[in-house]
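The values are calculated or read from the model by the stated rules, or taken from the named source; none is laboratory data. Since we're looking at a predicted model, the values are computed, not measured. Positions of Cβ are backbone-derived with ideal geometry, glycine not excepted, and every protein chain shown enters the neighbour counts. For the accessible areas, the whole protein counts, side chains as well, though only heavy atoms, and no ligand, DNA or RNA atoms are used. Shrake-Rupley method; radii C 1.70, N 1.55, O 1.52, S 1.80 Å.
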Amino acid sequence: MVTSAMDIEKLEILGTTHNGNSNTRIEKPKKTKNWLLVIINCAIVFVGAIGSPLLMRLYYLHGGSHIWLSSFIASAGFPILIIPLMFLFIRSRSSADKISSSFWMEHKLFLWGAILGVLYGLVTFMYALGLSYIPVSTSSLLMATQLCFIAFFSWLIVKQKFTAFIINAVVVMTLGSVLLGINTDGDRPVGLSKAQYLLGFVLTLSAAALAGLIMPLIELAFSKAIRNLSYSSLLQFQFVLSVFSATVCVIGMLANKDFQAIPREANDFGLGKANYYIIMVATAITWQLSGVGTMGVIFYASALFNGILSSVLIPLTGVAAVMFYHESFTSLKGMALALCLWGLCSYFYGEYKMMNKVMNNESTKRLDKVENEPKRLDDYEEP
């Protein structure tokens, strides 16, 4: 989310190349010209953010129990990115009669993607393990606290400014997550102990914190790029991140011997063997869509806006879980949801106030500049 017009201008220019004593300024597309891409990427996030947790919960409800496998699925959909990358590669060749150097991702971005991919692998594992112990609606509300962590780490890493409205949003949304932990018996699934529920609560909250750290780091990585980034660079970054995230999960699967257990689990799956593999593939695709959309939102807007978008989708995910899985929606959970919505409203109102203030200040500066400009002799009329 853009916090001020100054931040918009900073994000319009993401890099400067230095060649000896000469500087070449690389201008990025203005944010005001990219709203269509923002909307498209928001729609992609919408599909992935709602579909992936519902499909993952379906895996657990009908006999799935391998945490490393489900966390691997969250990153395993990266091969589908080859199709758009090939299209962009062919388009790059046809437009320049050779491969454009701007098509390929920089080595520095590759390193960033590898490091953040390892961290994201840990996030998917903690989230998958937490979701196996708590309902989707509860997990979604806990993940809403990701906005609080993104706001804090954005302030720390990319110098995001704090306002009273952002602080209010952080406080009330954190309070909402604490309320969910008070009543551990209210929506605990049948057959699940209190300790397991609390473990799922802590793991999901930890996943939200680590994800809140990763988002500003992705924005920082994009800002450190030397060349003008293209959409192919974003897809390649997501590809690298997913490969390293999946590698972390594969190591866990090998240690846990999950590969040998997959055929047996598929045969015993409640919805049938064919549906087991269909759910796995569909979950991988929806997770990857969410990742691609997230990269686009961060690049064309900011990490904080991505956190806001994720939080906006929380009520829809909770409603979908109640509709499809008939999960209970307790009064305490409703209060926590109301606090999350209150926090979002506070944040958006703060952004509105700040943007108006910045625009008024810029208008005042422009008027003062015009009034203080010396008049030419032609401007004076002869008596």
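Residues satisfying the criterion are absent from the stretch 216-235 (criterion: at pLDDT 95 or above, aromatic (Phe, Trp, Tyr), assigned to a helix (DSSP H, G or I) and within 29 Å of residue 144 (Cβ to Cβ)).
Quick one: is residue 309 open to solvent by 50 Å² or more (accessible area, probe 1.4 Å) and under 16 Å from residue 44 (Cα atoms)? Answer is no for this residue. Take the residues in the stretch 244-265 that are crowded, with 17+ Cβ neighbours inside 10 Å and over 13 Å from residue 68 (Cα atoms); name whichever of them is modelled with the lowest pLDDT. Within the stretch 244-265, the match that is modelled with the lowest pLDDT is 265.
Based on this model, can you work out whether residue 122 counts as modelled with pLDDT of 85 or more, surrounded by fewer than 22 Cβ atoms within 10 Å (Cβ to Cβ) and within 17 Å of the chain's Cα centre (by Cα)? Lay out the reasoning, then the answer.
Values: modelled with pLDDT of 85 or more: yes; surrounded by fewer than 22 Cβ atoms within 10 Å (Cβ to Cβ): yes; within 17 Å of the chain's Cα centre (by Cα): yes.
When the stated conditions are applied, residue 122 passes them.
Only a single item in (1) open to solvent by less than 30 Å² (accessible area, probe 1.4 Å); (2) modelled with pLDDT under 80 is not met by residue 54, and it is number (2). Against the criterion of being free of Cβ contacts under 8 Å to residues at least 40 places away in the same chain and either among the hydrophobic types (A, V, I, L, M, F, W, C) or at positive phi (or both), residue 340 does not qualify.
Residues are listed down the side, and each one gets a yes or a no for (1) modelled with pLDDT of 90 or more; (2) touching a helix residue (DSSP H, G or I) at 6+ places or on another chain (Cβ under 9 Å); (3) polar (S, T, N, Q); (4) crowded, with 18+ Cβ neighbours inside 10 Å:
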{"residue": "26", "(1), (2), (3), (4)": "no, no, no, no"}
{"residue": "74", "(1), (2), (3), (4)": "no, yes, no, yes"}
{"residue": "85", "(1), (2), (3), (4)": "yes, yes, no, no"}
{"residue": "96", "(1), (2), (3), (4)": "no, no, no, no"}
{"residue": "99", "(1), (2), (3), (4)": "no, yes, no, no"}
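Taking the stretch 34-48 as the range and being aliphatic (A, V, I, L, M) and either open to solvent by 30 Å² or more (accessible area, probe 1.4 Å) or not in a helix (DSSP H, G or I) (or both) as the test, the residues that pass are 36, 37, 39, 40, 43, 44, 47.
Just to be sure I understand, how many residues within the stretch 283-325 are touching a Pro at 6+ places or on another chain (Cβ under 7 Å) and β-branched (Val, Ile, Thr)? Before the answer, list the steps.
Keep residues of the stretch 283-325 that are touching a Pro at 6+ places or on another chain (Cβ under 7 Å), which gives 303, 317, 321.
Still in the list and also β-branched (Val, Ile, Thr): 317.
Adding up the residues that qualify gives 1.
Checking the conditions here, which among 129, 109 is touching a Gly at 6+ places or on another chain (Cβ under 8 Å), surrounded by fewer than 24 Cβ atoms within 10 Å (Cβ to Cβ) and at negative phi? Exactly one residue qualifies, and that residue is 129.
Could you run through the stretch 259-301 and say how many residues are aromatic (Phe, Trp, Tyr) and closer than 15 Å to residue 50 by Cα? Looking only at that region, the number is 1.
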